[in-house]
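Heads up: the structure comes next, in structure tokens.
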Amino acid sequence: MIIAAAEPHDVTKLLAFRVEAATWLRDLGSDQWSRPYPADKLLATIEAGTVFMLRDGHATAGTITLTPDAEEGLWSDSELTEPSMFVNKLTVAREYAGQDLGGRLLDWAGDRARRAGAQWLRLDAWTTNEALQRYYLAHGFSHVRTVREGGAVNGGPRVSGWLAQREARSADHGFTDRSPAPERLRFTA
């Protein structure tokens, strides 16, 4: 399988992934990703070079967003002085479920983060999705804290405030990496 930067034409596939994941999650009793994601916002992240696609021939097996930018209001000022990269929107097509592609994408992200000079690979997960939280813990992440207030709508409850991190490290993810070399992080302590 090949991992490469997403291209603008991938917006349709990425939106379909989100719908597929939301349907699967709803069947499991979770409201995660139940709100539609704006296509223009997704296109902006693609154009910023932070979205990556895992391709299996002509099929897309998964996607991950990896950015040096933290979501506002989640991480403390002192944590933000530590070189970190942040995982978002990790999704694996249901037809590829059970192959630990998500774990391998996390390994790829940790390796890319290390090459960019990050100390930490960080993420936030759906606050009520305990199965997802256990998944991240099983993949070497440590729970930092859960932020419950300060959501995007009127400062209300935050739906994705379970914070976790693991050290950015080299990994043998097994993908052919055709993504551009990561830019070095610029941090001031």
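The values are calculated or read from the model by the stated rules, or taken from the named source; none is laboratory data. Bear in mind that the values here come from a model prediction, so they are computed numbers and not experimental data. Cβ: placed from backbone, ideal geometry, glycine included. Neighbour counts: every protein chain shown.
Brief remarks on what is shown
- Top-ranked residue of region 63-87 - restricted to ones that are among the small types (Gly, Ala, Ser) and closer than 21 Å to ARG169 by Cα, ranked as farthest from the chain's Cα centre (by Cα): SER84
- Residue in region 83-136 that is modelled with the lowest pLDDT, counting only those that are surrounded by 18 or more Cβ atoms within 10 Å (Cβ to Cβ) and among the charged types (D, E, K, R): LYS89
- Positions within region 84-101 being outside any strand (DSSP E or B) and of a type in the set (A, V, I, L, M), in sequence order: ALA93, ALA97, LEU101
- Odd one out for GLY29, checked against (1) modelled with pLDDT under 85; (2) part of a helix (DSSP H, G or I); (3) not polar (S, T, N, Q): (2)
- Being farther than 19 Å from HIS139 by Cα, at pLDDT 90 or above and loosely packed, with under 15 Cβ neighbours inside 10 Å is a property that ASP40 lacks.
Yes/no matrix, rows are residues, columns are (1) in a loop (DSSP other than H, G, I, E, B); (2) without any contact (Cβ under 8 Å) to a residue 24 or more places away in the chain; (3) touching a Lys or Arg at 6+ places or on another chain (Cβ under 7 Å); (4) closer than 25 Å to LYS41 by Cβ:
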site: LEU74; (1), (2), (3), (4): yes, no, no, yes
site: GLU82; (1), (2), (3), (4): yes, no, no, no
site: GLY103; (1), (2), (3), (4): no, no, no, no
site: LEU121; (1), (2), (3), (4): no, no, yes, yes
site: LEU132; (1), (2), (3), (4): no, no, no, yes
site: TYR136; (1), (2), (3), (4): no, no, no, yes
site: VAL159; (1), (2), (3), (4): yes, no, no, yes
site: SER170; (1), (2), (3), (4): yes, no, yes, no
site: PRO180; (1), (2), (3), (4): yes, no, no, yes
